[in-house]
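S.K.: Next up is a structure, given as structure tokens.
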Amino acid sequence: MVQRRGNLFMVNDRVFFVNGFNTYWLMIFAADPATRGKVSDLFKQASSIGLTVCRTWAFNDGGWRALQKSPSVYDEEVFKALDFVVSEARKYKIRLLLTLVNNWEAYGGKAQYFKWGKAAGLNLTSDDDFFSDPTLKGYYKTHVKAVLTRVNTITNVTYKDDPTIFAWELINEPRCQSDPSGDALQAWIQEMAAHVKTIDPSHLVAIGSEGFYGPSTPAKLQSNPNSFSSQVGTDFIRNHGAFGIDFASAHIYPDSWISQSNPEAHLEFAKAWMQSHIDDADEKLQMPVVFGEFGLSSKDGRFNLSFRDEFIGTVYKTILNSTRRGGSGGGSLLWQVFPEGTEYMDDGYAIILSRSPSTSAILSLQSQRLDMFGSRCSTKCHWGCKKRSPFDDDLFSHDEL
């Protein structure tokens, strides 16, 4: 399994870097024999360019093709679809970052838990009660246990024992706007991280946050992309200090977060945003930070393909600058990578590798660079030995990006 040693990810005695992608709908596609092959296609293509981690949903609460049809009631066929996703990832040597619930309504999320609670007669006022109501928290804890203790029907390996799973993510992009102090969300993170670790002490645990700074670090609020993001109940430093959280998470969406019309401003924001979180991970948290989502929408007329490639290159360069000095930049996950024939699922951010040779080349080069860093010398020296490889000049000295 991937473990954490200080501010580095490790597999045995080798540094492990997260260079990967998001494809959230894999379980849903695997549940239909007509689309199941797309899961294999995706992993095969991603593996061919050296991508190491895929982030995907381990939930679908209520609604169409639900995994959890009602609290503690599961569709076994959909669970078998998740088994297939895990087994195919294992086949292609890609590890999974599995997210356990959504802050947003898509695929159920905390809104569905709220509906279940109301149907059960609970006195609830908003979706944010998900973070504080004992019954709703109980629903979530039961779901966590169901996933972590699931025995894969294909591999016969219990999820909590499967090294294919890189880490568990508590929730996608948590926000609790009803409590801008951050206390409610902080208490939930502490409780749920401990719950996951009680069931599965072996795997890493992350929050899944967007990375917004909060009241505990007033000097950092100016780093947030806008004033609203300081009022959504999240607090990057405080949240990631919770016991049981193994690495920090942040997202990068300048196209929807900042108002500047100048595309170059989006690159500058991304670099500053990333560097701020890497510095905090280095100096305050002493843990890796993974930029779990990043992208620019093709539906935004300001950004052509060339600029999107430049944006991806900017993210990758910032990671490499940290990597070169043994810093906390643990990696990044592009939002999002699709196989051919799934264009109808595109939210504007999808990259189809076979149709995007320039982008695919950038992803592949980053994989080579990170693999080189992971293999070049002992982690104990933090690259201080300055070992050189005959490939270094090709991979690190000139600017393919």
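S.K.: Run residue 11 past the list (1) open to solvent by 30 Å² or more (accessible area, probe 1.4 Å); (2) in contact (Cβ under 8 Å) with a residue 60 or more places away in the chain; (3) in contact with a strand residue (DSSP E or B) (Cβ under 8 Å, 6 or more places away or on another chain); (4) under 19 Å from residue 366 (Cβ atoms) and report the number of the one that doesn't hold.
M.R.: (2)
Here is a yes/no grid of residues against (1) touching a Cys at 6+ places or on another chain (Cβ under 8 Å); (2) at pLDDT below 95; (3) surrounded by 24 or more Cβ atoms within 10 Å (Cβ to Cβ):
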{"residue": "4", "(1), (2), (3)": "no, no, no"}
{"residue": "18", "(1), (2), (3)": "no, no, yes"}
{"residue": "23", "(1), (2), (3)": "yes, no, yes"}
{"residue": "29", "(1), (2), (3)": "no, no, no"}
{"residue": "47", "(1), (2), (3)": "no, no, no"}
{"residue": "58", "(1), (2), (3)": "no, no, yes"}
{"residue": "68", "(1), (2), (3)": "no, no, yes"}
{"residue": "87", "(1), (2), (3)": "no, no, no"}
{"residue": "101", "(1), (2), (3)": "no, no, yes"}
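S.K.: Check the range 79-87 and report whether any residue there is touching a Ser or Thr at 6+ places or on another chain (Cβ under 9 Å), within 28 Å of residue 210 (Cβ to Cβ), touching a residue at least 24 places away in the same chain (Cβ under 8 Å) and assigned to a strand (DSSP E or B).
M.R.: There is no residue in the range 79-87 that is touching a Ser or Thr at 6+ places or on another chain (Cβ under 9 Å), within 28 Å of residue 210 (Cβ to Cβ), touching a residue at least 24 places away in the same chain (Cβ under 8 Å) and assigned to a strand (DSSP E or B).
S.K.: What tally of residues in the range 270-288 results from selecting those that are of a type in the set (A, V, I, L, M, F, W, C) and more than 18 Å from residue 244 (Cβ to Cβ)?
M.R.: Qualifying residue count for the region: 5.
S.K.: Sticking with this one: Please give the number of the condition residue 243 fails out of (1) open to solvent by less than 10 Å² (accessible area, probe 1.4 Å); (2) farther than 23 Å from residue 321 by Cα; (3) among the hydrophobic types (A, V, I, L, M, F, W, C).
M.R.: (1)
S.K.: Right, another one. Please work out if residue 248 is open to solvent by less than 10 Å² (accessible area, probe 1.4 Å) and small (Gly, Ala, Ser).
M.R.: yes
S.K.: Scan 347, 282 and give me the residue that is open to solvent by 20 Å² or more (accessible area, probe 1.4 Å), acidic (Asp, Glu) and in a loop (DSSP other than H, G, I, E, B).
M.R.: Working: 282 fails: in a loop (DSSP other than H, G, I, E, B).
The conditions single out 347.
S.K.: Restricting to the range 127-163, and then to whatever is without any contact (Cβ under 8 Å) to a residue 12 or more places away in the chain and not in a helix (DSSP H, G or I), can you tell me which residue is most open to solvent (accessible area, probe 1.4 Å)? Lay out the reasoning, then the answer.
M.R.: So in the range 127-163, the residues without any contact (Cβ under 8 Å) to a residue 12 or more places away in the chain come out as 134, 138, 151, 156-158.
Next, only the ones that are not in a helix (DSSP H, G or I) stay: 151, 156-158.
Working: 151: 67, 156: 125, 157: 32, 158: 29 Å².
Top of the filtered list is 156.
S.K.: Tell me, which residue of the range 340-386 that is more than 29 Å from residue 25 (Cβ to Cβ) and hydrophobic (A, V, I, L, M, F, W, C) is modelled with the lowest pLDDT?
M.R.: Only one residue tops the list, namely 385.
The values are calculated or read from the model by the stated rules, or taken from the named source; none is laboratory data. Small disclaimer: the values here were computed from a predicted structure and weren't measured. Heads up, the Cβs are rebuilt from the backbone with ideal geometry, glycines too, and the neighbour counts pull from every protein chain shown. Keep in mind that these areas ignore ligands, DNA and RNA; they rest on the heavy atoms of the full protein, side chains included. Shrake-Rupley method; radii C 1.70, N 1.55, O 1.52, S 1.80 Å.
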